[in-house]
Structure formats: structure tokens, C-alpha cells
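Step one of this worksheet: look at the structure below.
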């Protein structure tokens, strides 16, 4: 697999705390995530659908092999991080894909994260119950 990455296009995708490192090489459409097949890695069909969206939008399904290392977050966040990485790699391969991917909303990184809990409070926004006496 390391030799396949010499002519690969690399991009990083992020979502919440998940970080996906994506390599794309010309191939048959094989998708490997953490050295496992996409069907073995993701159990839910929605997660598989999410990461294939940029390939379907640019009509490049089956033209590139995708190798992904992903860490952090949950499975849904990882799927969205992979989608972001695939989008960036596709734009590196063919810059004309940018308008199509931008219109679909895949180029912009979703920067929403969990807000931290503050001291003196029960949660990020929730307060302890107030009593006058």
C-alpha cells in the first residue's frame, strides 16, 4: 500500500474531533479505511453514503482508489471527516470540480464542536438550580 501512495493525491479532512488523512490514486474505486474495507469499517449505510457523496457529485465513482487513516470522534464524525478529505483531494486532482463540490456544500469545513463545561455550572450552558433561601 505504501508504494501506491507515491503518485497519490493527499488531503486532510476534519469534523469535530475526527481527523481523516486521505490518499487518492487512479484505480478501480476501492475504498480502504484504516486498512479495512469500507463495508467492514462502517456498519451503517448512511455513513458509507456520506463518504461517497463527493465522488458521486463529480461522477468519479470507480475511477480512484481511496486510502484513509482516520482517528478521533465517533463513526458519523469520521465519515464526515473522510468526506471532507475526499473533497479536498478531488479539488487537488481537478480544480474545476470546486464549483460542483462547493454548490453541494462539501468544501466548507463544519467547525461545530462540543462546548466546554464551565466552572460553577452544571454543564456548558446549564446552571445549577437557583434558590433564594
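Structure above, values below:
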| read-out | value |
| --- | --- |
| The chain, relative contact order [Cα under 8 Å, separation at least 6], % | 30 percent |
| Cα gyration tensor shape of region 3-104, rounded if a/c is under 1.5, else prolate or oblate by comparing a/b with b/c | rounded |
| Span from the region 87-133 Cα centroid across to the region 8-46 one, whole angstrom | 21 Å |
| Relative packing of 86-92, 70-76, 17-23, 47-53, which averages over residues the other C-beta atoms within 10 Å, highest first | 86-92, 17-23, 47-53, 70-76 |
| The chain, helix-only ellipticity at 222 nm - DSSP H runs n ≥ 4, -39,500 (n - 2.57), divided by all residues, nearest 500 | -10000 deg cm²/dmol |
| Helix 45-57 axis, angle to the chain major axis (alpha carbon atoms, nearest 10°) | 50 degrees |
| 0 to 90° range, to nearest 10: angle between helix 75-93 axis and the chain longest Cα axis | 40 degrees |
| Efficiency of FRET from Cβ geometry, residue 98 and residue 40, R₀ 30 Å, rounded to 0.05 | 0.40 |
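Every number here is computed from the coordinates shown, using simple stated rules; none is lab data. Being a predicted model, the structure only gives us computed values, none of them experimental. Please note: Cβ atoms are built from the backbone with ideal geometry, for glycine as well, and neighbour counts cover all protein chains shown.
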